[in-house]
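The structure appears right after this line, and notes come after that.
The values are calculated or read from the model by the stated rules, or taken from the named source; none is laboratory data. Not measured: the values here are computed from a predicted model. Counting neighbours? That spans all protein chains shown, and the Cβs are built from the backbone with ideal geometry, glycine included. Accessible surface areas use protein heavy atoms only, side chains included; no ligands, DNA or RNA. Shrake-Rupley method; radii C 1.70, N 1.55, O 1.52, S 1.80 Å.
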Amino acid sequence: MIRSPLRALHRLLAPAAIAAVLAGGAVPAPAFAAGDAVAPKAVAWTFNGVFGRYDYPQLRRGLQVYNEVCAACHGLRLVAYRDLAAIGLSEAQIRTIAGDKEVAGEPDEEGEPTVRPAEPKDRFVDPFPNVQAAMASNNGAAPPDLSLIVKARGGAADYVYSLLTGYVSEAACKKQFKDSQGNPLVPAEGQYCNTYMSGHIIAMAPPLTEDGQVEYEEAGAPPASVDQMSKDVTAFLAWAAEPYMVERKRMGIKVMLFLLLFTGFMYAIYRQVKKDVKGSA
Amino acid sequence: MSTEAQGAPRNRTLKWIDDRMPIVSMTEHALYYPVPRNLNYLWNFGSLAGLSLIIMIVTGIVLSMHYTPHTDYAFDSVERIMRDVNYGWLIRYVHMNGGSMFFIVVYLHIFRGLYYGSFKTPRELLWWLGVVILFLMMATAFMGYVLPWGQMSFWAAKVITSMVGAVPLIGESLTELLWGGFTVDNPTLNRFYSLHYLLPFVILGVVVLHIWALHTVKANNPLGIDMKGPQDSIDFHPYYTTKDLFGTGVFLLVFAAFVFYAPNYLGHPDNYIQADPLKTPPHIVPEWYFLPYYTILRSFTDDWWLFQILLGWWGMEAKLAGVLAMAGAVAVLFVLPWLDTSRVRSAKFRPVYRVFFWLFVIDCLILGWIGAQPAEPPWTSIGQWATLWYFAHFLVILPLVSRVERPRPLPHSISQPVLGGGAAAAAAPMEASR
C-alpha cells in the first residue's frame with residue numbers, strides 16, 4: 001500500500017526505459033511541430049543502437065563524396081584534417097588532402113601577409129572566404145557548414161539521407177504539395193522541390209544526380225549509385241558531428257554493467273541490513 | 001539501536017577537537033539521527049537531488065576550464081571540448097543531461113512533499129527553503145542553457161529577458177541592466193556566465209539550511225504522523241545510507257543510459273546551430289523542465305476571457321500578467337501551508353485530496369505538453385484551461401477540500417499502524433509535540 005505510487009510509476013516507466021535503452025542511439029529526437037514535415041526514411045545505419053559502430057570504409061567513401069561534391073559549397077570548419085586519421089587515412093593521404101587548400105600564414109619579413117598550404121593541424125578550409133562571398137555565389141543564401149548538420153536537424157542521419165534522395169520534379173511537386181495558400185506548390189527560379197525539406201522548397205540544387213558521379217577509389221567499394229553515395233556521405237557527416245560516438249557507446253556498456261553490479265550489491269546489502277529491523281523501511 | 005553512538009567521542013584527540021568545534025558529534029548526529037522507520041522509495045529523491053547538485057558543480061568546474069564566454073568563441077569552445085579535450089564529450093554530456101536529471105529528481109521530490117503533506121506544520125521553513133532552491137535552480141539552468149550560444153540558447157535568452165520589460169516603469173532600464181546593453185549580446189553572455197558559476201554555490205548554501213531545518217523537525221513519512229518514541233524511528237545509518245546507495249545506483253543507471261545512448265534526446269537540435277541574431281527559429285522552445293511555466297506565460301493573451309475579467313479591464317498588459325503568473329506558479333508554493341489547512345498530512349488518509357492531487361499531476365503534464373506546441377489553436381485554449389486549473393488547484397480547491405473533506409482515521413503510531421483502526425486513535429493528527 002505504501003509503495004503503490006512507486007509501483008505505478010515503475011509500471012509506467014519500465015517499458016519506455018527498456019525501449020529507450022534497446023533503441024539506443026536510434027532514439028528519435030522529440031518531434032517539434034514542423035507543420036507539414038514528412039517523416040524521414042529510416043535507414044539501418046551501422047552506428048544505430050547500443051552496439052553501433054562506424055563502418056570506416058564507408059566513412060572514407062563519404063569523405064570522397066564530400067570532397068568532390070559537397071565541399072564546393074559547404075564548409076566543415078570544426079573538423080581538423082588530422083582527425084581523418086581516426087577513419088583510417090594515412091598521414092600521407094591527410095597531407096595530400098590538406099595540401100590542396102591554402103590558409104593564411106605568418107606575415108613575411110616585410111610584414112606582408114602570406115599564404116601557405118594547409119597542414120594536418122588545420123581545420124577544413126571553407127570554400128568561401130566569408131559569408132558575403134558564400135551568399136553572393138548562392139542566390140543570397142549561404143550554404144550551411146556541415147560539421148554538425150547531422151546533430152542540428154531533427155531526424156539526424158535519416159533526415160540528411162532522406163533530403164539528399166528526396167528531390168522531386170516540378171510536375172510531381174505541383175501534384176503532391178501545397179503552398180501556404182493551399183495552391184499547388186511551384187518552386188521559384190533557382191529553387192527546387194524536396195519532399196523532406198520543411199516547406200518542401202530548397203535552394204540547393206540536387207547534389208547527387210547520376211550513378212557513378214564519384215569514382216570510388218578503394219578496392220571493394222560498392223557501385224557508386226546515387227543512393228549509395230548519399231548513404232556514404234551521410235555516414236561521414238554523422239562521424240564529423242560525433243567523432244567520439246563509438247568510444248562513447250563502448251564506455252557506456254562498461255559503465256552500465258558496473259552500475260548494474262553496484263546496484264545489485266547495494267540492494268542485497270540493503271535487504272540484509274533491513275532484516276535486522278522488523279517492519280521497517 | 002545504537003543511540004549511544006550519539007554524544008562526545010571517546011578518542012582523546014577527537015574529544016579535544018570536539019570540545020572546541022563539535023564537528024565530530026555533528027558527524028555522529030548526521031549518521032545516527034532518528035528517521036521514521038516507514039519511509040518508502042519516494043524519500044530517496046532528496047539525497048539524489050544533493051548528488052545531482054554535486055555532479056553539476058564538479059563537471060561544471062571542469063567545463064569552465066575550457067569554455068570561452070565570448071559570443072565569437074563560445075559555440076566553438078564547446079565544440080572544442082566535445083572534440084579535442086580529453087573526455088570532454090563525456091564531461092559535457094554529463095553536465096548537459098545532469099541538468100535534466102536534477103530537475104526530474106527535484107520535481108519528484110516536490111510532488112512527494114505535496115502528496116504526503118510535507119509542507120505542513122512544523123515543516124513550513126523547510127518547505128520555503130526548498131522553494132528558494134527551486135527558484136535558484138531555474139535561474140541557474142536558464143543561464144547555463146545560454147552559454148553554448150546556439151540558436152535556442154540565444155533565442156530563449158531573448159524571449160525570457162524581454163519579459164522583464166513588462167515590469168511597469170522600470171522595465172526598460174531593468175532589461176538593459178540584465179542585457180548589459182540594448183540587446184542580448186556579449187555583455188549578456190559574460191554576466192550570465194559569471195552568475196551561472198556563482199548561483200550553484202548559493203544553492204549549496206541553501207541546501208545546507210534545508211538539511212539543517214530537516215534535522216530539526218525530522219523527516220515526514222508516508223503516514224504523515226509524528227514519531228512518538230524510539231520504537232517509531234531507526235538510525236539513518238546504516239538503514240537509509242544503504243537504501244540511498246541502492247537508489248543512487250538506479251538513478252545513475254537512468255542517468256548513464258541518457259549520457260551514453262541518447263545524450264541529445266532531451267536537447268533541441270537547433271542548439272547545434274550557432275546563434276544568429278538575424279534568424280529567428282520557427283518555434284522557440286525552452287528546455288523540457290520549463291515547458292509548464294512557458295505554457296502559463298503564453299496563456300495570458302489579450303483575448304483570454306479570464307484575463308479580461310480579472311486583470312485586463314483596469315489596463316494591465318497581458319504580457320505582464322503572463323510574467324507574474326509564471327513567477328506566481330512557483331511562488332504560490334510559499335503560501336501552500338496556509339492554503340491547504342487540513343490537519344491531516346498524508347494523502348493516504350485524505351480520499352478527496354488524493355483525487356485532486358492526481359488531477360494536479362495530470363494538469364502539470366498537460367501544461368508541459370502544451371509548452372512544446374506552437375502558440376495556435378487548439379493548443380492555446382487547452383493551455384489556458386490547464387493554467388486556470390493550476391491556480392484553481394492551489395487557490396480554490398485546496399482551501400475548500402481541506403474544509404469539506406472528512407479524513408480517514410489515522411493510525412495510533414508509526415510502529416503500530418495496524419492497531420490504529422479505531423476513531424479514538426485519530427485524536428491528534430498534527431500534534432505540536434516534537
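Quick notes on this structure:
- Residue among B:Leu252, B:Ser194, B:Gly267 farthest towards the positive dipole end of the stretch B:131-271, charges placed on Cβ: B:Leu252
- Folded to 0 to 90 degrees: helix A:226-241 orientation relative to chain A principal axis, Cα: 60 degrees
- Cα centroid separation, the stretch B:351-417 to the stretch A:229-281 (Å): 35 Å
- GNM flexibility winner over chain A from A:Ser230, A:Ser169, A:Ser147 (Cα, springs under 10 Å): A:Ser169
- Label reach from A:Phe51 (point 7 Å along Cα→C-beta): in the stretch A:249-263, no amide nitrogen lies under 11 Å.
- For the residues B:Val131, B:Val167, a 1.4 Å probe over the protein chains yields an accessible-area ranking, largest first, of B:Val167, B:Val131.
- For chain B, the square roots of the Cα gyration tensor eigenvalues, ordered a ≥ b ≥ c, give a/c of at least 1.5 with a/b no greater than b/c, which places it in the oblate category.
- Rough spin-label spacing in nm, given labels placed 7 Å along Cα→Cβ, for B:Arg406 and B:Thr27: 5.5 nm
- Accessible area per residue was computed with a 1.4 Å probe on protein heavy atoms; A:Lys121 scores about 130 Å².
- Lone cysteines, chain A (no partner Cβ under 4.7 Å): A:Cys70, A:Cys73
- Interface residues, the stretch B:42-58 - accessible area loss of 20 Å² or more versus chain alone, probe 1.4 Å: B:Leu42
- Dipole axis of the protein assembly as shown (+1 Lys, Arg; -1 Asp, Glu on Cβ), positive-most option in A:Val246, A:Ala136, B:Gln308: B:Gln308
- Cα gyration tensor shape of the stretch B:43-174, rounded if a/c is under 1.5, else prolate or oblate by comparing a/b with b/c: oblate
- Chain A: most fluctuating residue of A:Ala42, A:Ala240, A:Ala136 per GNM, C-alpha cutoff 10 Å: A:Ala136
- Cα centroid separation, the stretch A:179-215 to the stretch B:107-164 (Å): 44 Å
- Backbone N under 16 Å from the A:Asp100 label point (7 Å along Cα→Cβ), restricted to the stretch A:231-264: A:233
- Taking 0.36 nm per residue of sequence separation and removing the Cα-Cα distance, the B:Trp305/B:Leu278 pair yields an extension gain of 6.2 nm.
- Within chain B, the whole DSSP H helices whose Cα atoms reach 27 Å or more along their own axis and whose mean Kyte-Doolittle score is at least -0.5 are B:45-64, B:88-115, B:124-146, B:186-217, B:241-261, B:351-371.
- Shielding by partners, peptide B:244-251 (average Cβ within 10 angstrom, other chains): 5
- In percent, rounded to a whole number, the relative contact order of the stretch A:130-273 is 21, using alpha-carbon pairs under 8 Å and six or more apart.
- Surface per residue (accessible, 1.4 Å probe) for the protein assembly as shown, Å²: 49 Å²
- Legend: calculated FRET efficiency, B:Met65 to B:Tyr107, from the Cβ-Cβ distance at R0 = 30 Å, rounded to 0.05, equals 0.45.
- Cα-centre dipole for chain B with unit charges at Cβ (Lys and Arg positive, Asp and Glu negative), debye to 20: 1500 debye
- Proximal charge balance of B:Val352 [Cβ under 13 Å; K/R count +1, D/E count -1]: +4
- The distance separating the Cα centre of the stretch B:194-243 from that of the stretch B:66-83 comes to 38 Å.
- Net dipole in debye of the stretch A:137-179 [+1 Lys, Arg Cβ; -1 Asp, Glu Cβ; about Cα centre; nearest 20]: 140 debye
- For the residue pairs A:Lys101/A:Lys249; A:Lys249/B:Lys279; A:Lys101/A:Lys231; A:Lys121/A:Lys249; A:Lys41/A:Lys175; A:Lys254/B:Lys348, the alpha carbons lie more than 30 Å apart in A:Lys101/A:Lys249; A:Lys249/B:Lys279; A:Lys254/B:Lys348.
- Under a 5 Å amide H cut-off, with hydrogens placed 1.01 Å from N, A:Val168 pairs with A:Cys193, A:Asn194, A:Thr195 among residues at least 5 apart or on other chains.
- Whether the protein assembly as shown is rounded, prolate or oblate, judged on the alpha carbon gyration tensor where a/c under 1.5 counts as rounded: prolate
- For a straight C-alpha distance cut-off of 20 angstrom, the aspartates and glutamates reachable from B:Lys218 (same-chain residues fewer than eight places away being disregarded) are B:Glu4, B:Glu28, B:Glu124, B:Asp226, B:Asp232, B:Asp235, B:Asp244, B:Glu431.
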